[in-house]
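Everything on this sheet refers to the single structure shown next.
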Amino acid sequence: MPANPRDHPLGLAPASLGDYRELARRRLPRQIFDYIDGGSFAETTLEANRHDLRAIHFRQRVLRDVTQRTLSTTVLGEEIALPVVLAPIGFGGMFAQRAEVQAARAAERAGVPFCESTLSICSIEEVARAVQRPIWFQLYVMKDRGYAEDLMARAQSVGCTTMILTVDLPVVGQRYRDVRNGISGRLSPFGRLRRGGDLVRHSSWVRDVALGGRPLTFGNLEKALPEARVPADFQGWVASQFDPSVNWDDLAWLREHWHGRIALKGILDADDARAAVDHGVDAVVVSNHGGRQLDDVPSTIRALPAIADAVGDRCEVLMDGGIRSGLDVVKALSLGARACLIGRPWAYAVAARGERGVDHILRILREEMLVTLGLTGVNDVKDLDRSALVDP
């Protein structure tokens, strides 16, 4: 579907993933946009994810036949049309009505995986019914291990074959934007008044999402939350429910209950990557939780090469964090990633224009990657290595 020029802040059709961030900022209430957009502490790592990607330069090559270029590859046993996965995002259905369903449909059309979050608004059953392609599932381990086992059984019952276990959230990062907006903790009377005024200014979001015909509940947490309602003190609830004792020994327990492929998300250290492989995982995701957990840690693109060198011949290496263009994806692949997970880009897109927005950003990524391959003299993403970069 062609872009609507009225969607763009300048009255022009959105052309980049960055344009969708601005559209989302205008459409969403402040607390919802900041939940997507923000990081932890001073947001130093959040910025480093982008800064360090921008600092990498390509080798431009000429007089090479690049008539036939291909972006298809294989990730965790699946043939995918381009090296991108829609990352798991909690609260997704707060950004647009049934956002996880909309994003999964767009991912299926583009030929890429969609990963459902434990903390999604739409249940895994609802999302799986909306598509033919098997979706992935992301797991947070709660103190009640029986509930985690139930989630794994539900995911397998709807055909999920790949699970991403997020391992970088034993405790919740200090996210100042969420504190100021009342997602973590409670607002003062003035803060509640300010938030009410913000909702009035974003009446289209209130009408389409908050009052969109279905209650905003965590669809996967019926047994863990009363009525699965989003708690007023979300981060306080997470701190009370998520299990900080999870350790390497628990991967054996995981294997007892999950019969598909397993990827560990939240790996930033080569020693941890080696330990993950030693414990039998199929992939690691180089990730700092989008700069939302521990601040002042390395950017993911900076951590990637050492991890790829350490385990890239023993398991698949994926990466997320800071990806905002097809150029960024090609840089990550050149440094050892098999594919990139994108989170904020699809969140901005679905908030701004729903399903057609996610369709559009995936087309943008595809075209940008094809252009980048052509101008670096590479015909196949599977051939990318550090020779595509200047001083990698």
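The values are calculated or read from the model by the stated rules, or taken from the named source; none is laboratory data. Computed from a prediction, not measured in an experiment: that's the story for all the values here. Virtual Cβ from ideal backbone geometry, glycine too; neighbours counted across all protein chains shown.
Among the residues making up the range 123-141, a single one is within 16 Å of the chain's Cα centre (by Cα), over 21 Å from residue 243 (Cα atoms) and part of a loop (DSSP other than H, G, I, E, B): 135. Go through (1) in contact with a Cys (Cβ under 7 Å, 6 or more places away or on another chain); (2) buried (at least 24 other Cβ atoms within 10 Å of the Cβ); (3) of a type in the set (Asp, Glu) for residue 282 and report which single condition fails. Of (1) in contact with a Cys (Cβ under 7 Å, 6 or more places away or on another chain); (2) buried (at least 24 other Cβ atoms within 10 Å of the Cβ); (3) of a type in the set (Asp, Glu), only one is false for residue 282: (2). Suppose the filter is assigned to a loop (DSSP other than H, G, I, E, B) and either polar (S, T, N, Q) or without any contact (Cβ under 8 Å) to a residue 24 or more places away in the chain (or both); does residue 313 pass it? Considered against the rule, which asks whether it is assigned to a loop (DSSP other than H, G, I, E, B) and either polar (S, T, N, Q) or without any contact (Cβ under 8 Å) to a residue 24 or more places away in the chain (or both), residue 313 comes out as yes.
Looking across the range 88-122, the residues that are surrounded by fewer than 23 Cβ atoms within 10 Å (Cβ to Cβ), among the small types (Gly, Ala, Ser) and in a loop (DSSP other than H, G, I, E, B) come down to 90, 111. Of everything in the range 218-236, what is surrounded by 18 or more Cβ atoms within 10 Å (Cβ to Cβ) and modelled with pLDDT of 70 or more? Give them in sequence order. Of everything in the range 218-236, those that are surrounded by 18 or more Cβ atoms within 10 Å (Cβ to Cβ) and modelled with pLDDT of 70 or more turn out to be 218, 219, 220, 221.
Quick grid of which residues meet (1) at pLDDT 90 or above; (2) outside any helix (DSSP H, G or I); (3) of a type outside the set (A, V, I, L, M); (4) buried (at least 18 other Cβ atoms within 10 Å of the Cβ):
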position	(1), (2), (3), (4)
159	yes, yes, yes, no
165	yes, yes, no, yes
168	yes, yes, yes, yes
179	no, no, no, no
183	no, yes, no, yes
186	no, yes, yes, no
191	no, no, yes, no
197	no, no, yes, no
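In summary, residue 338 fulfils each of the numbered conditions (1) out of contact with any strand residue (DSSP E or B) (no Cβ under 6 Å at 6 or more places or on another chain); (2) under 30 Å from residue 262 (Cβ atoms) with the single exception of condition (1).
Among residues of the range 198-218 that are of a type in the set (Phe, Trp, Tyr), those with a beta-carbon under 7 Å from a residue that is modelled with pLDDT of 75 or more and surrounded by 14 or more Cβ atoms within 10 Å (Cβ to Cβ) at least six positions away or on a different chain give the pairs 205/27; 205/28; 205/29; 218/119; 218/121.
Please tell me if residue 276 is within 24 Å of residue 172 (Cβ to Cβ), assigned to a helix (DSSP H, G or I) and at pLDDT below 95. No: the conditions fail for residue 276. Within the range 16-59, restricting attention to residues that are in a loop (DSSP other than H, G, I, E, B) and touching a strand residue (DSSP E or B) at 6+ places or on another chain (Cβ under 9 Å), the residue that is surrounded by the fewest Cβ atoms within 10 Å (Cβ to Cβ) is 59.
Checked across the range 66-87, the condition of being assigned to a loop (DSSP other than H, G, I, E, B), within 30 Å of residue 281 (Cβ to Cβ), touching a residue at least 24 places away in the same chain (Cβ under 8 Å) and in contact with a Cys (Cβ under 7 Å, 6 or more places away or on another chain) holds for at least one residue. Output the residues belonging to the range 249-276 that are hydrophobic (A, V, I, L, M, F, W, C), in contact with a helix residue (DSSP H, G or I) (Cβ under 9 Å, 6 or more places away or on another chain) and surrounded by fewer than 19 Cβ atoms within 10 Å (Cβ to Cβ). The answer is 253, 270.
Among residues of the range 13-32 that are within 13 Å of residue 360 (Cα to Cα) and free of Cβ contacts under 8 Å to residues at least 24 places away in the same chain, those with a beta-carbon under 7 Å from a residue that is in a helix (DSSP H, G or I) and of a type outside the set (Val, Ile, Thr) at least six positions away or on a different chain give the pairs 13/5. Is there a residue in the range 340-361 that is under 29 Å from residue 62 (Cβ atoms) and part of a loop (DSSP other than H, G, I, E, B)? No, every residue in the range 340-361 fails to be under 29 Å from residue 62 (Cβ atoms) and part of a loop (DSSP other than H, G, I, E, B). Yes or no: residue 115 touching a strand residue (DSSP E or B) at 6+ places or on another chain (Cβ under 7 Å), modelled with pLDDT of 95 or more and within 23 Å of residue 36 (Cα to Cα)? Spelling it out, residue 115 is indeed touching a strand residue (DSSP E or B) at 6+ places or on another chain (Cβ under 7 Å), modelled with pLDDT of 95 or more and within 23 Å of residue 36 (Cα to Cα).
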